[in-house]
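For reference, the structure discussed in these notes is given below.
The values are calculated or read from the model by the stated rules, or taken from the named source; none is laboratory data. These numbers come from a predicted model, not from an experiment. All Cβ positions, even for glycine, are placed from backbone atoms using ideal geometry, and neighbour counts span all protein chains on display.
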Amino acid sequence: MRSLRLSSSDGADYDKLNTTERPAMIAPTSEEIYRLCANDSEFRMAARYWTGGIRFEMGSVLTGVTVEDGVVRVGVPDEGQGVVVIAGPDDLWEKVRAATPPRFFNDINVATGRGGLSWNGDRLTWWQYLPAIQRITELLRYSEIVIPDSVKEGGGAGSFDAPSGRYVRVELQGLEHRIYFEEAGSGIPLLLQHTAGSHGVQWRHLFESSAITENFRLIAYDLPFHGKSIPPVDRRWWAEEYRLEGEFLRSVPLALTEVLQLNQPVFMGCSVGGLLALDLAHKHPDVFRAVISLEGALHIGGDIEALEGFWHPKVSGETKARMMEGLTAPTSPEPYRKETVQTYASGWPPVFVGDLWYYISEYDLREVASSIDTSSVGVHIFSGEYDYSGTIEKGLEAHAAISGSTFCEMRGMGHFPMSENPRAFIEYLLPVLETIKAMSL
């Protein structure tokens, strides 16, 4: 068994066998963690009904906080039911607690996987109270992250945003679907595909950019069963397991292109949409003049069976939302980070894990990506620094495999660039749109 020193409020958490050097990191005491949690409304809401707590093993120091029916108490809880233990060496905790953590350490769910920390305890407890666990570790940072750009949106009461929305009826695999879409701008058509489990609101900031809408007709649609799109009325979909498969997914932008009479549109998608962008470039290069793959890859992979918390009757949608926040960059404006993930808590429960069937289990272009002809369809790949799913490395792999493609690493950006930090994303995007426009003249 490991020998751990219990942290205390009297400074006695130093290694008494080595008093010649002050440790680089001083672990917070249980009393300090209690005060942080007790005074934080976000934590208190996330910890509602929780009985147990969290034990932090920071190097050789043991600290943590107890929770009783959602109320925090001073003291490190004993291991057992409802208690989660997170452990790791001092140097990794330094990264987790940094004012601006490096990628893979900005979120505890990532740090216990990619980052090298470990956790143990009941898996259901972890799923249920991950938002509270994540919030505790945010509170342990050495200082607040400073966001230099304030979030301001013009207009005021009574004004209108640029896009208009409507429904169009399309036939998908023999069934009629009502697809909701919003559009703004004029010129080259640009279809916009949202991420798994979300909907077209993610693109709202691009609609307000005149630098984009002066030359491009933006069309953001909601996939069937997402957002405001209506499920088909002539199938008992509620009695089936929802699973997003590639053939159906690809049929949506193809059908919209036809029914809206779009002439060689550009396709831009993020996450599952970023994979779809490359999939369309491979299978339908004659339809699109270019594709823009945000957080794209040739293959994601993973074990979809390990995602039981994404649709567990004892886990709320709040957990899915908080997990997605871990995919955003810590330096992105907080209001936009929270807005980005709110859709995950409000969506139809089965839809997120169902979308991940395509993302994790089905999609794989590793053997065929080199056959994509960029003289027929332009391919542009963007990867965010803090994305731990469609990583920079995966984006570079796709770029290397697709001759003639372009690649952009977005520093200080996460998995949802268009919605978590739109101002910075538009600056990255505009040069590519200028290239597409120039090649279309």
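Side notes on the structure shown:
- Top-ranked residue of the range 398-408 - restricted to ones that are more than 15 Å from ILE292 (Cβ to Cβ) and in contact with a Ser or Thr (Cβ under 8 Å, 6 or more places away or on another chain), ranked as surrounded by the fewest Cβ atoms within 10 Å (Cβ to Cβ): SER403
- Test: residue in the range 138-148 that is crowded, with 20+ Cβ neighbours inside 10 Å and assigned to a helix (DSSP H, G or I): yes
- Of VAL67, VAL151, VAL168, all but one fail to be in the same structural domain as ARG48 (by TED's automatic domain parsing) and of a type in the set (Val, Ile, Thr); the exception is VAL67.
- Members of the range 239-264 that are more than 21 Å from GLY165 (Cα to Cα) and outside any helix (DSSP H, G or I): GLU240, GLU241, TYR242, ARG243, LEU244, GLU245, GLN264
- Among the residues making up the range 142-178, a single one is at positive phi, touching an Asp or Glu at 6+ places or on another chain (Cβ under 8 Å) and at pLDDT below 90: GLY155.
- Against the criterion of being more than 14 Å from the chain's Cα centre (by Cα), in the same structural domain as VAL201 (by TED's automatic domain parsing) and among the aromatic types (Phe, Trp, Tyr), PHE382 qualifies.
- Where a residue in the range 36-58 is in contact (Cβ under 8 Å) with a residue 12 or more places away in the chain and surrounded by 14 or more Cβ atoms within 10 Å (Cβ to Cβ) and its partner, wherever it lies, is hydroxyl-bearing (Ser, Thr, Tyr) and part of a loop (DSSP other than H, G, I, E, B), with Cβ under 9 Å and at least six apart: ALA46/TYR129; ALA47/TYR129; TRP50/TYR129; GLY52/TYR129; ILE54/TYR129; PHE56/SER7; MET58/SER7
Matching residues to (1) more than 25 Å from HIS199 (Cβ to Cβ); (2) small (Gly, Ala, Ser):
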{"position": "SER371", "(1), (2)": "yes, yes"}
{"position": "ILE381", "(1), (2)": "no, no"}
{"position": "GLY384", "(1), (2)": "no, yes"}
{"position": "LEU396", "(1), (2)": "yes, no"}
{"position": "HIS415", "(1), (2)": "no, no"}
{"position": "PHE425", "(1), (2)": "no, no"}
{"position": "TYR428", "(1), (2)": "no, no"}
{"position": "THR435", "(1), (2)": "yes, no"}
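- Qualifying residue in the range 359-377 (condition: surrounded by fewer than 24 Cβ atoms within 10 Å (Cβ to Cβ), within 30 Å of GLU153 (Cα to Cα), outside the structural domain of PHE105 (by TED's automatic domain parsing) and modelled with pLDDT of 95 or more): no
- So TYR129, is it buried (at least 22 other Cβ atoms within 10 Å of the Cβ) and either in the same structural domain as LEU327 (by TED's automatic domain parsing) or in contact with a Ser or Thr (Cβ under 6 Å, 6 or more places away or on another chain) (or both): no
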